[in-house]
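Input: a single structure, listed below in structure tokens.
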Amino acid sequence: MSTTNTYESISNENRKFPPAASFAANAHIGSMESYRKEYNKSIEDPHAYWAEVAEDLHWFKPWDSVLDDSSQPFYKWFDGSRTNLSYNCLDRHVAEGRGDKTAILWEGEPGDKRVLTYADLLSEVSRFANVLKRLGAHKGDRVAIYLPMIPELAVALLACARIGAVHSVIFAGFSSDSIRDRVLDSQTSLVITADGGYRRGKILELKKIVDAGVQDCACVHHVLVVERGGDEAIDCPMQNERDVFYNNVSAKVDAVCPAEEMEAEDLLFLLYTSGTTGKPKGIMHTTAGYQVFSYLTAKYTFDLQSDDVYWCTADVGWITGHTYIVYGILQNCTTQVMYEGAPNSPDEGRFWEIIENYKVSIFYTAPTAIRAFMKWGDDWVTKKDLSSLRLLGTVGEPINPEAWMWYHTVIGAERCPIVDTWWQTETGGHMLTPLPGATPTKPGCATLPFFGIDADVLNDDGESVEAGILAIKKPWPGMMRGIYGDTQRYESAYWSKWGGQYYFPGDGARVDEDGYIWILGRVDDVVNVSGHRIGTAELESVFVEHAAVAESAVVGVPHEIKGQGLIAFVTVIEGQACSDNLRNQLVAMVDKSIGKFARPERILFSSDLPKTRSGKIMRRLLRDIAEGRELGNTSTLADPSIVENLQLQFQQGN
Ligand code: WTA
């Protein structure tokens, strides 16, 4: 079930599952013929194609041009238009008579419940937006959001979008140091958090983490605190002047707040993600293009119908939650379940109970979760009635065919199509994905490009090959617009691979005889742990901060449940002890600098790292060691005894 096995089993995989005729009959895109027709249209005349899609949405002012590609790679979509994404998620539905439709069926981990219609959501968002204004937030200001999975999280994003403030959501598993780095990088003036949240029966005291994070951030004027705790008091120290309880201000403001007319390329949000350096990048998404792309991908990939109950188990703290809990789903006026907690709280049946109770029809989750469900056993699933399900989805990492087949058989009862969606924080929405009423699926394969996406597999010279690197050859509306404060890094990280012509996502891929694209994992030093992106350089820079550490190298290895795990090789300064105590200190540093989810599986100490004679660390050999493989070519090593020692240590489990 490891990633290595994933790739091996992927390359032998030739099962094919066409959609059931009954599914196809009612689907938006119900055959390969209509997929091809629509796809060709979208590629041959993207201007006409995207203009037609955009007509479904509300514009205060129409665009002058659909795509301005005059200064590559700084593309502009729907330039000249004015719109508002919160308006398209809320006001549009209420104005057109859909206000009574349920938007969010929320369940807290302890079992508390809330139901919000689209009309309710509009007034909550408007009130929240007025609170933000009261605290001095203006169009263009950056607002950080550090909240548990409660309705206010979605509300906070929409409230920012409503007034034109730029949200920067920080997943609530990140540490205070990560909050500080993001707040400083984007010069955030307001931070929204909660007293706490629930995870596996425990309270996470979020406000305290924020306090530690922003204590030296002069740019932060206010911390707005939502009280999640209710009856259960959560310790929540408040600082005079700076800190404000949401309920205290919301009672004083109006529940009406007109949506700001935003320019097409006004910044909508920042979302920080890992790359190949020690510093996460603030990915920038703008208004109009992201709006249109999130709307259409959600509609077609999930084949959204008016009576669907959709559930995405991701956290809004990641891009999946931004696009496929908030913007894409709400623009389609879909009813969705939102759940705060863990899948195994109070027991391993929680998710299936939620599906049964709310009659969920579309379920979107990560391969890591599916592998954990498999391990927990089928009994948890078969005890529940999952007959409401009609479509399943996966996201975030390659899915191994074994997990895909289990999902298909045990969860989907061989009835539900599976959409394996490949995309990134940077792409804004789905790029490669089956369309459930049209595309015959293959276990472990993200299949074919979405409309408007010109995808290919290239070699270093930009020639199409069977196995190589994934490239996107044309701009698309949901694409990132840059890295906050670092234009040069945007060009070098994403556009320099093929001379500025094509977008380079950083994934390896292969094309099969049907033209399907199989994703083979990252080709750079980004590791995907439980679907969370972590740059190995980020961890390395944490370790070298320790006074006893001289150098470190971190590599990704296959992991049975997480997809990939991290193994750290650390050299200590002469005279320092390589003790369990030091190991514990290093783990504590990871918790503090990034968050617990980035902890390595193992830390190995050594007097030196395997290097070439010119002093370059040979990561390839470290990967061989960490995966327990026979070593590759060692002839260029300066000192071969180092790898031998490391290999022995690894095998002995030290
Ligand atoms: C990986 C998550 C294989 C990929 C939406 C990509 C996938 C990175 C898939 C982006 C998939 C995402 N199959 N690999 N279906 N989906 N990935 O930015 O390596 O958190 O580059 O976005 O996850 O991760 P991010």
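The values are calculated or read from the model by the stated rules, or taken from the named source; none is laboratory data. Because the structure is predicted, anything quoted here is derived from the model rather than measured. So basically every Cβ, Gly included, is an ideal-geometry build from the backbone, and we count neighbours across all protein chains shown. Remember, those area values only see protein heavy atoms, side chains included, never the ligands or the DNA or RNA. Shrake-Rupley method; radii C 1.70, N 1.55, O 1.52, S 1.80 Å.
Observations on the structure shown:
- With all protein chains modelled, accessible area of Ser579 [1.4 Å, Å²]: 40 Å²
- Using C-alpha pairs below 8 Å separated by at least 6 residues, the relative contact order for the range 429-474 is 29 percent.
- At 0.692 mPa s and 37 °C, Stokes D of the range 521-651 from Kirkwood alpha-carbon radius, µm² per second: 219 µm²/s
- Cα-Cα over 26 Å, subset of Lys207/Lys281; Lys101/Lys202; Lys41/Lys281; Lys101/Lys281; Lys202/Lys375: Lys101/Lys202; Lys41/Lys281; Lys101/Lys281
- Note: relative contact order over the chain, using C-alpha pairs below 8 Å and six or more positions apart, is 14 percent.
- Within the accessible area of the range 521-651 (1.4 Å probe), percent carbon and sulfur: 47 percent
- Amide hydrogen proximity for Arg142: with H placed 1.01 Å from N in the peptide plane, the residues at 5 or more positions away or on another chain lying under 5 Å are Val166, Ser189.
- With protein chains left intact and a 1.4 Å probe, residues in the range 258-326 average 22 Å² of accessible area per residue.
- Interchain or long-range residues, amide H under 5 Å from Val527's placed H: Ile534, Gly535, Thr536
- Summarising the label geometry, the points placed 7 Å from Cα in the beta-carbon direction at Ala48 and Ser70 lie 2.4 nm from one another.
- Per residue solvent-accessible surface (Å²) - the range 521-651, probe of 1.4 Å: 45 Å²
- Backbone amide hydrogens, once placed in the peptide plane, bring Gly565 within less than 5 Å of Val557, His559, excluding anything fewer than 5 places away on its chain.
- If the chain linking Asp385 and Ser541 were pulled fully straight, counting 0.36 nm for each residue of separation and taking away their Cα-Cα distance, it would gain 51.3 nm.
- Rel. contact order, % - alpha carbon contacts under 8 angstrom, at least six apart, the range 521-651: 20 percent
- Ordering of 262-269, 143-150 by packing is 143-150, 262-269, highest average first (other Cβ atoms within 10 Å, averaged per residue).
- Going by accessible surface with a 1.4 Å probe and the largest first, Trp63, Trp518, Trp406 read Trp63, Trp406, Trp518.
- Tail beyond 49 Å, pair distance distribution of the chain (Cα, percent): 10 percent
- Shape category assigned to the range 205-313 from the gyration tensor of Cα positions, a/c cut at 1.5: prolate
- A straight Cα-to-Cα reach below 18 Å connects Lys252 with the lysines Lys133, residues fewer than 8 places away in its own chain not being considered.
- Span per principal axis, largest first, for the Cα atoms of the range 171-253 (Å): 36, 35, 18
- Here the peptides 530-537, 635-642, 596-603 are ranked by packing, the mean other Cβ count within 10 Å, and the order with the highest first is 530-537, 596-603, 635-642.
- Solvent-accessible surface ranking, highest first, for His93, His138, His559 at 1.4 angstrom: His138, His559, His93
- Cross-link reach list, aspartates and glutamates versus Lys61, counting only Cα pairs under 20 Å and skipping chain neighbours closer than eight places: Glu52, Asp79, Asp91, Glu96, Glu260, Glu261, Glu263, Glu265, Asp266
- In Å², nearest 10: area of Glu545 left accessible to a 1.4 Å probe: 140 Å²
- Phi to ³J(HN,Hα) by Karplus 6.51 cos²θ - 1.76 cosθ + 1.60 over the range 558-569, Hz, x for Gly, Pro: x, 9, 4, 9, 6, x, 9, x, 10, 10, 10, 10
- Local charge for Ser593 was computed over the other residues whose Cβ lies under 13 Å away, with Lys and Arg +1 and Asp and Glu -1, and equals 0.
- FRET efficiency for the pair Asp56 and Glu261, taken as 1/(1 + (r/R0)^6) with r the Cβ-Cβ distance and R0 = 22 Å, rounds to 0.70.
- Separation in nanometres of the label points that stand 7 Å from Cα toward Cβ, at Val587 and Asn247: 3.8 nm
- Fully extending the segment from Ala413 to Ser614 would add 66.7 nm, taking 0.36 nm per residue of separation and subtracting the current Cα-Cα distance.
- Using a probe of 1.4 Å on the protein chains alone, the accessible area found for Ser614 is around 110 Å².
- The largest accessible area among His222, His322, His28 belongs to the first residue in His28, His222, His322, and the rest follow in falling order (1.4 Å probe, all chains).
- Simple spin-label estimate for Glu513 and Arg629 in nanometres, 7 Å along Cα-Cβ: 2.8 nm
- Table column - 3J(HN,Hα) (Hz), the range 138-145, Karplus curve with 6.51, -1.76, 1.60, x for Gly and Pro: 10, 3, x, 5, 8, 10, 8, 10
- Based on every Cα atom in the range 323-386, Rg and the maximum pairwise Cα distance Dmax equal 12.8, 37 Å.
- Beta bridges by DSSP in the chain, antiparallel share as percent, to the nearest 5: 60 percent
- Net charge of the neighbourhood of Gln576, taken over other residues with C-beta under 15 Å away and scored Lys/Arg +1, Asp/Glu -1, is -4.
- What the phi angles of the range 109-116 give under the Karplus curve with 6.51, -1.76 and 1.60, with θ = phi - 60°, is a coupling list of 4, x, x, 5, 10, 9, 10, 10 Hz, glycine and proline written as x.
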